[in-house]
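These notes are about the structure you will find just below.
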Amino acid sequence: MSRRVWRTYVGPNVARLVLILVAAAVIFPFYWILIGSVEPNNAVLVSPPHLWPVAVHLSNFVKAWRAAPFGIYYVNSLFVTSAIVFGQVITCALAAYALTFIRMPFKGLLFFLVLVGLMSPEQVSVVPVFLEMHDLGWINTYQALIIPFLGSAFGIFLLRQSFRSIPPSLIEAARIDGAPHWRTLVGIVVPNTRPAFITLIVLNSIFHYNDLFWPLMFTNTDNVRTLPIGLDMFFGSQEGLVPWNQMMAADVFIVIPMFLLFFFAQRYLVEGVVSTGIK
Amino acid sequence: MGSPGPGPQTVTVRRRRRRSSYQTREALTGFLFLSPSFVFLTAFVFIPLLYLMYVSQLHWNLISTSSYVGLNNYAHLFHDAYFTSTVRNTIVFTAGVMVLTLPTAFAAAFLLNMRLRERTFYRSAFLAPYVFPLVASGIVWTLMLQPQEGVVNWFLSLFGIAGPPWLNSGTWAMVAIVLVTSWQYFGFYTLIFLSGLQGVPRDVLEAADVDGVSGARRIWSVTLPMMSSSLFFATVILVIQSFQVFTQVFVMTGGGPDSATTTIVFYLYQEAFQFFQMGTAATVAVLLLMSLVVLTLLQLLASRRWVYYES
Amino acid sequence: MKTFLTRVGVVAMSGAMLATTALVGSSQAAAARKPVTIQFWYGLGGTLEGYVQKMVDRFNASHPGIKVEALYQGSYSGGGPEQQKLLTAIASGSVPAVAQMEANSIAPFAAAGALLPLDSLMKHSSWDQAGDFLHGMLPSGSWKGVQYAIPFNRSVPVLFYNAQMFHKAGIGSPPATWPELAKDAKLLTHGSGKNKVYGFDVLPDWWPWESWTLSSGGKILNAAKNKALFDSAQAVAPMVIQQQLVKEGYAKVYAGSNYWTEDKTDFATGKTAMYPGSPGDIAQLDTQFTPSVRANWRIAFMPTMPGEKLVVPPGGGNAVIFRKAPKAQQQAAWVFMQWFTAPAQQVWWSEHTGYLPVTGAAVDSAAYQKYLKTHPQGRVVIAELKHQGVMPLNTHYVQMLQFVEQGIQGVFDELKPVQATMHGVAQRIDQVMSGG
């Protein structure tokens, strides 16, 4: 068999086969959730599993939706996530710009501090931040969910990687023409690194939209709560029945906004990661 | 004494002055640009960290009066076999996730880079778990890994394999958590490697071909070095992400069975909120952060030896 | 004023008690201007959450002067999210007025002075005086002789068994001791593979463990409550027996966080003949019963070691009021707590959730007696209450239970040697209790 035949016909089809098998394995859990979400509860956990629902109970979705005030949670989740990410785009773009293009002292130290921020999980800072939020009178408010995240070490890190791919000469040319830094940022840097911004928006939206720990600690009432708390309510006690089918239905309607965002943004993601200077 | 005008020396001084005032302005703009981020990072990351350093020297349950114990919490932790085991678990977990995720993600990226027509489909499929809430996937996998009724063991039984007890056994519970984490992150790292691969110039690969270097050898000696910076990025991020593992443990095993899957952040959480030992929890937090900083610096140093940056 | 008092139904029978009248009177005076709004934090999710909300709706409808906001805060189990939230809330000072608290968790909160002492309020209450509560209902809410909590949703561990399976295996009555249980489990186990029916499902949890230890003549802690004694050969005997059953294939054990749900499902679907659980399980069992199990499930006392006295731990949750809450809110919270423990509410709550009524008046009420006629298994649970013991609570008790549960998982999931494992747990908690 010649190498040409291999390259053109055999190789791609072997790759295809492998990719299909891996993709099937990776998305099987989602398929299983979809089946479970329409089945009666006692049909969810059976072996062998149902590859087709034994019965279709769309009422699971209605019941799941009513199990918690999901309407309010939806609005809150979307609002909080957008507010955080909107703020992060601005703060991170400014910081990454300064760390990349502006000549200033202590840059190494400041970047090191950003890296330290990147390494600190939210379980670490929750107690001190809680005490701060209390002093500010912000417990159980949107502020407590949004403001602590307006600075994002990860965002600065990501954008800085991407900004570094812009030739410094381009910036200098603009500067010599008298453009102030903010105009260079908006006019040259942002348009040239759009995929990196989209990547930042997608990754951090996913993270904050799905976060359970923080909203659970900082909110007490439904008017400011977010979707993952609704998910948590299906498991409040060992002594009650866990409605697996409703939980799966809730999974389905909770994940939709992020799937949509991801779907529309995904062709930029590869570019976004390419442009973060990883190549 | 009449002077015709500014002599050459004066010009230099003035220029220097202008330059230095320019530099000052530049620096000020720089700090101005950094200030929004640093206001928030200082208030909600750095001050809390300093506060934790202070709390790590206390014996305190968060609601009673505290007592100052100096470095006792540190000394205590170093002699605590339980803490050592959580460190060991975290390292095993991190190593497991890396061994499982990085090669598979690289292989998947390599296949995706063959530019099949339907590659968008595979890419979306691989990334789907990354979009899913960890809380939900932890619960769903717990159900799928049930030894008797679970889907996974049913699948294994089709091949005549008696499935392991998964979450019932210390060893297998760790394997399960590693598996679920890799499932969640696999697509993200595939994406990073894919972008790395796309950055490898075709002509370099073709030149290698002409030289008779192909197949596995070409991957090993040409492709991998050319994309070493994305390997580096992936390793750094994955190490940090794995060291911070919490939700999977919280949802799937609660640190058990026994303490087989108690990782550092989960232990920190237990000490603070289940055992009422704020001081110990803060100490764990400080140690975790210090080790991550050291680890990342080591990786940075090592990277100078093997990472190739296209310039 | 009078109609309000009648509706509140709290002070009606204790008009002579000046203090209470003043108390409710002042909250009434405040209410005339504006209803007092109080937050009630609870940790019952899923199906039970609906019942909590229904109770609170009924309270609000009948009490125009008070508005209770019932807020779910994640599970109330020891170390669960509600407990974390309470810790941070107390630390910062933004507390709710009233909260549900797991029955074993009172000590660290009481010791920190975060809770309102209830003794003087109880003295003037119509059905919340110390003598009104069923045996063993109060100790888990008291710390150093002061009562800080009253029972809210309470249960005790019991043994569920399938009478039909027992009959088929030729066993006349449920086991009273662990050796009997082991013998029965062997007779009850049959089938293989997917059709295997186990004699017994282990519940690898600290709650039944309290009963295992205390009903074998063992002790959890010494009298000074600063040294663990639960690793004695006597105390671990029930664990040894259960582990042996698992090893020999006569008992089933689940790991992960769903073990309890799994046990319930096994029993309801006839895959096991016995399991230890809570009367609160009945709500779930009821949705899963196969017809034959529905007709044949029974409840028995928890087993003991031969010749030893039965001791069962309190389970479920109590309700507490916070010291830092404003006075008017504390008063409103007390009105709410008393309303909740009044017989009519207790009967409704118990019938719907399976949790136990907490006062003698509720059990003796005609409504509950009528309920027992159709639900005879409830009698067994009420009878077992006589054996409800007092746990040796200290500020490290919740932490100890977490350690113990890890030990239990080692013993049943990984089949580690019982006494050595529990000895390790004991040493660990000894170190903590000695301030190390």
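Computed over the alpha-carbon atoms, segment B:126-193 gives an Rg to Rh ratio of 1.02, Rh here being the Kirkwood radius from the mean inverse distance. Estimated from helical segments only, the mean residue ellipticity of chain C at 222 nm is -14500 deg cm²/dmol, where each DSSP H run of four or more residues counts as -39500 (n - 2.57). Expressed to the nearest 5 percent, the antiparallel share of DSSP beta bridges inside the protein assembly as shown is 65 percent. In a simple Cβ point-charge model (Lys, Arg +1; Asp, Glu -1; nothing else charged), segment C:201-278 has a dipole of about 240 debye relative to its Cα centre. Candidate cross-link partners of residue C:34 among the lysines, defined by an alpha-carbon separation under 25 Å and a same-chain spacing of 8 or more, comprise C:2, C:54, C:67, C:324, C:327. Here segment C:129-226 has an Rg and Dmax of 18.7, 55 Å, counting Cα atoms alone.
Neighbours of residue C:90, meaning other residues whose beta-carbon lies under 12 angstrom from its beta-carbon, give a summed charge of +3 when Lys and Arg score +1 and Asp and Glu score -1. Normalised by the number of residues in chain C, the mean separation of alpha-carbon contacts (under 8 Å, six or more apart) gives a relative contact order of 23 percent. In chain C, the longest principal axis of the Cα atoms and the axis of helix C:259-268 are about 70 degrees apart. Projecting label points 7 angstrom from Cα along Cα→Cβ for residue A:182 and residue A:135 puts them 3.1 nm apart. Of the three principal axes defined by the Cα atoms of the protein assembly as shown, the extents in descending order read 111, 88, 54 Å.
Distance between the pseudo-spin-label points of residue C:190 and residue A:165 (7 Å out from Cα toward the beta carbon): 7.0 nm. One decimal place: the segment residue C:69-residue C:323 gains 89.6 nm when fully extended, by the rule 0.36 nm per residue minus the C-alpha distance. Take the Cα of residue C:434, step 7 Å toward its Cβ, do the same at residue B:84, and the gap between the two points is 1.8 nm. Rounded to the nearest 20, the Cβ-based charge dipole of the protein assembly as shown about its Cα centre (Lys and Arg +1, Asp and Glu -1) stands at 2580 debye. Among the trypsin sites (Lys or Arg not before Pro) found in segment C:137-204, those both in a DSSP coil and sparsely packed, with 14 or fewer other Cβ atoms within 10 Å of their Cβ, are C:144, C:196.
Extension gain, residue A:51-residue A:14: 0.36 nm per intervening residue step, less the Cα-Cα distance, totals 10.7 nm. Relative to the dominant Cα principal axis of chain C, helix C:81-92 is inclined by about 40°.
Computed from the Cβ-Cβ distance with R0 of 45 Å, the FRET efficiency linking residue C:176 to residue C:34 stands at 0.20. Using +1 at the C-beta of Lys and Arg and -1 at the C-beta of Asp and Glu, which of C:139, C:401, C:272 has the Cα lying farthest in the positive direction of the dipole of the protein assembly as shown? Toward the positive end, the furthest listed residue is C:401.
For the segment B:140-147, counting C-beta atoms of other chains within 10 Å of every residue's C-beta and taking the mean gives 6. Less than 16 Å from a label point 7 Å out along the Cα-to-Cβ axis of residue A:256: which backbone N atoms in segment A:50-68 qualify, by residue? Inside the label zone: A:58-68. Dipole orientation for chain A: of the candidates A:80, A:98, A:259, A:98 has the Cα lying most toward the positive pole (charges on Cβ; Lys, Arg +1; Asp, Glu -1). Which is farthest toward the positive dipole end of segment B:72-306 among B:294, B:141, B:222, measuring Cα position about the Cα centre, with Cβ charges +1 (Lys, Arg) and -1 (Asp, Glu)? Towards the positive end, the residue furthest out is B:222. Computed from point charges on the beta carbon alone (+1 for Lys and Arg, -1 for Asp and Glu), the dipole magnitude for chain C about its Cα centre is near 760 Debye.
For residue C:168, the lysines whose Cα falls under 26 Å of its own Cα, not counting residues fewer than eight places away in the same chain, are C:183, C:186, C:194, C:196, C:247, C:252, C:264, C:271.
Suppose we look only past 16 Å in the calculated P(r) of segment C:87-145. What percent of the Cα-Cα pairs does that tail hold? Counting pairs separated by more than 16 Å, the tail of P(r) holds 52 percent. A straight Cα-to-Cα reach below 18 Å connects residue C:219 with the lysines C:227, C:309, residues fewer than 8 places away in its own chain not being considered.
Every number here is computed from the coordinates shown, using simple stated rules; none is lab data. Since we're looking at a predicted model, the values are computed, not measured. When we count neighbours, we look across all protein chains shown, and the Cβ atoms used for this are built from the backbone with ideal geometry, even at glycine.
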